[in-house]
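**Student:** Below: one structure in structure tokens.
The values are calculated or read from the model by the stated rules, or taken from the named source; none is laboratory data. Keep in mind that this is a model prediction, so the values were computed, not measured. Positions of Cβ are generated from backbone atoms using ideal geometry, with glycine treated the same way; all protein chains shown enter the neighbour counts. For the accessible areas, the whole protein counts, side chains as well, though only heavy atoms, and no ligand, DNA or RNA atoms are used. Shrake-Rupley method; radii C 1.70, N 1.55, O 1.52, S 1.80 Å.
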Amino acid sequence: IFGLDANTYEKAKPGKQQDVMDFGKHYVSHGLSSCWGDVPDPQNYTTYNSRTYLQPQLNKACKKSDKRSNGDVNPKDFILFGKDDFEVVSLWKDNTGDKVYLEDTAFPTL
């Protein structure tokens, strides 16, 4: 059992980024499953990150009004395990520290 930032994308650029659906097929082919199941939902975002102009890599910075379109909003985080070894009983996402997940909330907040 292990957790990872798989660096997967909902709409991957072919040859440059890993598509989340291809990643799902890959781990299933090795007898694994994930906390999101055998077929991940490409719109189950675990990353909603946008850079401010105060952070390095200014080429990735965006205005608050553009954070959704220019930020990194993708299904990247997984917990993988042997399909025959474990089953998911419950799971949740939390981007507040209070066991709550607020959709369309960038981290860090702008």
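**Student:** Which ones in segment 12-46 are among the hydroxyl-bearing types (S, T, Y) and either more than 25 Å from D104 (Cα to Cα) or touching a residue at least 60 places away in the same chain (Cβ under 8 Å) (or both)?
**Tutor:** Selection gives Y27, S29, S33.
**Student:** What number of residues within segment 2-21 are surrounded by 10 or more Cβ atoms within 10 Å (Cβ to Cβ) and part of a loop (DSSP other than H, G, I, E, B)?
**Tutor:** Here the count works out to 5.
**Student:** Being farther than 19 Å from L4 by Cβ, surrounded by 11 or more Cβ atoms within 10 Å (Cβ to Cβ) and of a type outside the set (A, V, I, L, M) is the requirement here; does G71 meet it?
**Tutor:** yes
**Student:** For segment 1-21, enumerate the residues that are aliphatic (A, V, I, L, M) and under 20 Å from R68 (Cβ atoms).
**Tutor:** Across segment 1-21, the qualifying residues are A12, V20.
**Student:** Follow-up question, since we're still on this one. So G24 fits all but one of (1) modelled with pLDDT of 95 or more; (2) in a loop (DSSP other than H, G, I, E, B); (3) open to solvent by less than 50 Å² (accessible area, probe 1.4 Å); (4) not hydrophobic (A, V, I, L, M, F, W, C); what number is the exception?
**Tutor:** (2)
**Student:** If a residue counts only when it is among the hydrophobic types (A, V, I, L, M, F, W, C), which strands (runs of 3 or more DSSP E) contained entirely in segment 28-110 have at least 2 such residues?
**Tutor:** 77-82
Residues checked against (1) under 14 Å from the mean Cα position of the chain (by Cα); (2) of a type in the set (S, T, N, Q); (3) more than 19 Å from G3 (Cβ to Cβ):
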site	(1), (2), (3)
G15	no, no, yes
S29	no, yes, yes
Y45	yes, no, no
S50	yes, yes, yes
N59	no, yes, yes
P75	yes, no, no
K83	no, no, no
V88	no, no, no
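**Student:** Can you say whether Y9 is touching a residue at least 24 places away in the same chain (Cβ under 8 Å) and of a type in the set (F, W, Y), as far as the supplied structure shows?
**Tutor:** Taking the combined requirement at face value, the residue satisfies it.
**Student:** Here's another thing I want to ask about it. May I ask you to list the residues in segment 79-93 that are surrounded by 11 or more Cβ atoms within 10 Å (Cβ to Cβ) and of a type in the set (G, A, S)?
**Tutor:** G82
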